Amino acid sequence: MATTATRAGNMLAICARLLQVGPVMATKAITEVVKVGRRGEVALSRRVRAAMTLNEGDELVLTVEEDQVVLRRKARRFHEYLDTLGPKSPS
């Protein structure tokens, strides 16, 4: 039976791994030219969506930094991440 300290240690290890690795593991930089549509829309290519594992409905955070526009994946809730790991093992 796992102790509370062991469970807390496991949770800290998972959090540390998430902070180190992050949700996106693109192997190399991708640079593309995109056009801004009439209504301000910008489309991401299939290659970019695949590299970022983006699906319809995923949220991105847009930041303007001087002369750059930066898109980052919105952090997912931790409990949603835990749900992807599968059901709890019986204790």
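The values are calculated or read from the model by the stated rules, or taken from the named source; none is laboratory data. Quick caveat: nothing in here was measured; it's all calculated off a predicted structure. Because the Cβ atoms are built from the backbone with ideal geometry, glycine has one as well, and the counts that use them run over all protein chains shown.
Results for (1) in contact with a strand residue (DSSP E or B) (Cβ under 7 Å, 6 or more places away or on another chain); (2) surrounded by fewer than 10 Cβ atoms within 10 Å (Cβ to Cβ); (3) modelled with pLDDT of 70 or more, shown as yes or no for each residue.
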residue: Leu18; (1), (2), (3): no, no, no
residue: Val33; (1), (2), (3): no, yes, yes
residue: Gly37; (1), (2), (3): no, yes, yes
residue: Thr53; (1), (2), (3): no, no, yes
residue: Val61; (1), (2), (3): yes, no, yes
residue: Asp67; (1), (2), (3): no, yes, yes
residue: Val70; (1), (2), (3): yes, no, yes
residue: Lys88; (1), (2), (3): no, yes, no
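Scanning segment 36-65 for residues being in a loop (DSSP other than H, G, I, E, B), within 18 Å of Arg76 (Cβ to Cβ) and without any contact (Cβ under 8 Å) to a residue 24 or more places away in the chain gives a total of 6.
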